[in-house]
Amino acid sequence: MEDGISEVLSSVVDDVSHAVNRNVGGAQLLQELLGAPWLHALLQMYECLLQFKNLTPGPILPYASGLSHEIMTVIQKGHRPSAEARELYGLLGSPHMQALLSSHDSVAQSDYGPVLPPLPDDLPEDEEAVRIVCLVKNNQPLGATIRRDEDTGGIYIARVIHGGLADRSGLLHPGDLVVEVNGHPVGGLDPEQVIQMLIHSQGTILFKVIPKAAQSSSSQKPVYMRAMVDYFPQQDSSIPCPDAGMAFSRGDLLEVVDQSDGQWWQARKLPCAVSCAGLIPSASMLKSKHREQWWCEPLQVHTCIRPLTLSVNEDDPAHADNKRTLTDLEEINFDEADSDVTDGIYLAGFRRTFRLWRRTSYRKRRQSCTSCSPSSSTLSSPYEEVALYQRPPQENHRLIILVGASGVGVSELRKRLIKLNPSTFQGPVPHTTRPMGAGEQTGREYHFVTKELFEYMVCNHRFVEYGEYRGHLYGTSTDAIDDVLKRGRMCVIDVEPHSIQPLRTRKLKPYVIFIKAPGPERLRQTRRHARLITNCSVNRAFTEDDFVELEEASRLMEAKYKHFFDCVLVNDDLQDACMQLCSVIQQAQEEPQWIPCFLFTATDQLSCTGGVEVEVEMEDVTNKCRSDSRDLLTPEPQDPAPQKKKKKKKASTIDQEAEHGDVPNGDTADAAVDGEDTAVPVTRKTKRKRKVKATEHYSDDLGAEDDDIITDAQSPIPQHSLFSAPHGHSQPVGRVFVERNRRFQAERVEHLRHSELMDDYMDPRQIWTTRDVAMRVHSGFRVIGLFSHGFLAGYAVWNIIVVYVLAGEQMTTLPNLLQQYHLLAYPAQSLLYLLLAISTVSAFDRVNLAKASMALRGFLSLDPAALASFLYFIALILSLSQQMTSDRINLYPTANETLWPPGSEEQILRPWIVVNLVVALLVGLAWAVVSTRPDIDYTEEFLMTMEVEGYPRGDENMDVPA
Ligand SMILES: Nc1ncnc2c1ncn2[C@@H]1O[C@H](COP(=O)(O)OP(=O)(O)OP(=O)(O)O)[C@@H](O)[C@H]1O
């Protein structure tokens, strides 16, 4: 039918012609269409292609030789061949063409299909389906982990790494039982032995696997996260397979592609250098690791950031010329900027006193010690979910924050930026309590306010930063920032890095630029004429020590806070740095950027996306992989038992129905050309049901969906060849990873210590802060509380059983109950109250009532801790309501007939028994609720992340407290 399609159509045309002759309506049109020359040409091409498709590639060298020979014969016969024939003759005779044709023939004649033996005739009816997976070995890792089921000795595929060869082939799945490798049974072998077999095998590797019964296709939407901690899989004893782990450091942008395992996720670092994902601990796992790490420390070390003071060797005669002691100066005279006015616009915030209060009252500022331990702010969120955000044009500009070590040039860059375009960029006008000087105006140089007002604003958290200098208060208020933004300008501020966190609000959506110092050599060259303002002098030249110290301070600041930086800009040449700053700010305002999801408002959600089709602006930050040796080693919870498969008898031969597996995503050509991996799936069933289990589903490597994609025409993140060699975290041999059994790792780690780097930066003082004491008391009480929950539940049940047994059937023996129980009544009730009180307080303690809104939300959303608190509280009230009856029981028998009028036992005891029963049920239920989530403890989380006052240093005594 297909072969003769043009003949068929010709006859159709004839028929239509007849129809036209007979004046059939519409037939004219059809005739024209069918008679169109292009349609005929198309059909001829189609037929040619059909013939070509059916051809198997054959050698063409003999054909080419024949052709050359014929041309030669023509020439020898004295005929003159055409110019084309002569050209063709020359081409065919050239050595390059000969070599090319010879290569073609050798490729065309080779058979690349696996040679599989025929299926035997004597296969049992109930033969289980097995899958034969054939992989061509190369240097790529398989991207799968195996582990042994201790009960059956079976080797199972434990995990398939997203984007790895196994994942892309779609032939191996978690839970598949590996039966044979290269024809050798592997059941009962040690996983290491299996790996040895793989290492020593040559060419192709043939796996025989029994697929897991129900294959769950994991088509999870990727989630994007910013790492807030460092992680090193090789130093983590709890990771199931260190070789499959992926190291990351703070600030790295991660694309989490698989969260199906609650403890170990699979992720890639962005911008994607490799297609293969690696294992990373889940957020809850990392959180508990950090918590354990915190508790492991023998004594909570309180750390403060050492202020970045440039060396002030003011006695150095070299500085004598430049030195100007401030004590001799009137403050207002001193409080001058180099040039306050540009085109009639005042540059607020560059006054010297304003800049100096930071340095002098550094340790006094409330915000100065938010990070008591380097990870305290990240304890509650080791990952920060991010999404792409593009500022809608009608919205306020994003706040631009410049951060840098003192003296690196933050003020200089900010000033130049504002001078460059004062109608676009502006700084907030600071507040001060100092008196207004001559020629000054409130709201221009400063907002001049009273001390009371300033303090009132402090109490109301209106300041981003504030402090004191020479008896006067200075600060930058959020209102001043709002003022600038509301005027439609871009607000550019410079703050200390610990002030970034409070500025991360939905309204401001700050973009943080870290101004980094170049190396000492470049500093020396570029800062030859630069001048410093220090505590004791103005316009002092940089010294050699300044350069070293500045570079070091800049490096340490970056290491500590890099997870907050959106961009890192090296202030080398001033002009270049200024231009770069301009363009970076432009991009921040106009192009999509990754921002934490908590900064999104409801309307932003509509325009935001976690898509991948946008260039990542993180290179400066994310590409830096510091070898900060903060290790993470914690116990690993027991893994659920691996899936068990009943092994059935396997035939030793297999069907020949095999086909070449396509390389996913249409990269077949790539694979063929590169001579890289091919995977061949063959599923064998019984003879009657021979079926090739073709692998049809190849997941999109990035799993991007339509709504992931930003409509802007952005260049996509570079996607590398599916077969590009993975770097770093992958094993260099084509082999399977062994996933060790997850078991409790008792060893606690010495290398949980912070890095040397951080230790240098920190100034540790062996002192217990109030938080340390609070946490330890809280932890001790929690242990008592946990014990009390269980004990109370058991005791309440025992109590009610005793009461019911003594009361007899239908409560017929109540006098007996009173006789027997009255001695027990007091101790039993006291114990019940004690346990109830402890349990109630302990349950409430987890809810963190200090944060009322959170606690209320917990109650409303039936959070386990909140629910348990509620149940205990009701139980406590109910048992207190029966206090009187308990007293009466204790006093039984009594001469006082008003207490126990004859015949009143049932009337008095029945409600008491019912209430006891209800109390027993309530505490039992509360205990059950608590035990579902024994780890919930919001108070502990709150304590861990709370801000702690800075440690008072000796030299601070000189300063007046702010
Ligand atoms: N790239 C550069 N090349 C040459 N000189 C520079 C450069 N950047 C800054 N400077 C100069 O270095 C000196 C210190 O810069 P600046 O006052 O801006 O530092 P800073 O980071 O704001 O310090 P502080 O926070 O302590 O005020 C100034 O004299 C400034 O002109």
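All of the numbers you see were taken from the coordinates with simple rules; none came from a lab. Keep in mind the model is a prediction, meaning the values are calculated, not measured. Glycine gets a Cβ as well: all are built from the backbone with ideal geometry, and neighbour counts include every protein chain shown.
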Of Lys287/Lys560; Lys419/Lys560; Lys137/Lys269; Lys451/Lys562; Lys287/Lys562; Lys419/Lys509, which ones are farther than 29 Å apart at the Cα? Lys419/Lys560; Lys451/Lys562
Leu55-Leu786 pseudo-label distance in nm [points 7 Å out on the Cα-to-Cβ vector]: 7.6
The extension gain from Asn139 to Asn539, computed as 0.36 nm times the residue separation minus the Cα-Cα distance, is 137.9 nm
If each residue of separation counts as 0.36 nm, what is the full-extension length gain between Thr442 and Phe598 once their alpha-carbon separation is subtracted? 52.5 nm
For the stretch 474-487, in residue order, the Karplus 3J(HN,Hα) values (coefficients 6.51, -1.76, 1.60; θ = phi - 60°; whole Hz; Gly and Pro = x) are 10, x, 10, 9, 5, 5, 5, 5, 4, 4, 5, 5, 5, 7
Scan around Gly404 for amide H atoms under 5 Å from its own, H built in the peptide plane at 1.01 Å from N, and keep only partners 5 or more places away or cross-chain. Ile515
Using DSSP to call loops (not H, G, I, E or B), can you name the trypsin sites (Lys or Arg not before Pro) in the stretch 11-97 whose Cβ has at most 10 other Cβ atoms within 10 angstrom? Arg22, Lys77
Within 14 Å, Cβ to Cβ, of Leu67, how many net charges do the neighbouring residues add up to if Lys/Arg are +1 and Asp/Glu are -1? -2
What list of ³J(HN,Hα) couplings, whole Hz, do you get for the stretch 396-409 from phi and the Karplus terms 6.51, -1.76, 1.60, once you set θ to phi - 60° and write x for glycine and proline? 4, 5, 6, 6, 9, 10, 9, 10, x, 5, 4, x, 6, x
Computed about the Cα centre, the charge dipole of the stretch 770-945 from +1 Lys/Arg and -1 Asp/Glu charges at the Cβ has a magnitude in debye, to the nearest 20, of 360
Restricting things to alpha carbons, find the Rg to Rh ratio for the stretch 770-945 using the Kirkwood radius for Rh. 1.08
Taking all pairs of distinct alpha-carbon atoms in the stretch 5-109, Kirkwood radius in angstrom: 17.9
Counting sequence-distant residues (5 or more places) and residues on other chains, those with an amide H built under 5 Å from that of Ala387 are Ile595, Cys597
The answer for Met490, listing residues at least 5 apart or on another chain whose modeled amide H is closer than 5 Å to its amide H, is Phe425, Gln426
Computed lengthening from Asn21 to Lys221, 0.36 nm per intervening residue step minus Cα-Cα distance: 65.7 nm
Using each residue's phi in the stretch 444-452, evaluate 6.51 cos²θ - 1.76 cosθ + 1.60 at θ = phi - 60° and report the 3J(HN,Hα) Karplus result to the nearest Hz, with x for Gly and Pro. 10, 6, 9, 8, 7, 10, 6, 4, 4
Assign unit charges at the C-beta atoms only (+1 for Lys and Arg, -1 for Asp and Glu), then state the dipole size of the stretch 453-538 relative to its Cα centre in Debye, rounded to the nearest 20. 540
Long-range tail of P(r) for the stretch 785-841 (Cα pairs > 12 Å, %): 67
Selection from Leu817, Leu806, Ala855, by position along the positive dipole direction of the stretch 770-945 (Cβ): Ala855
Along each of the three principal axes of the Cα atoms of the stretch 455-549, give the extent in whole Å, ordering the values from largest to smallest. 43, 33, 23
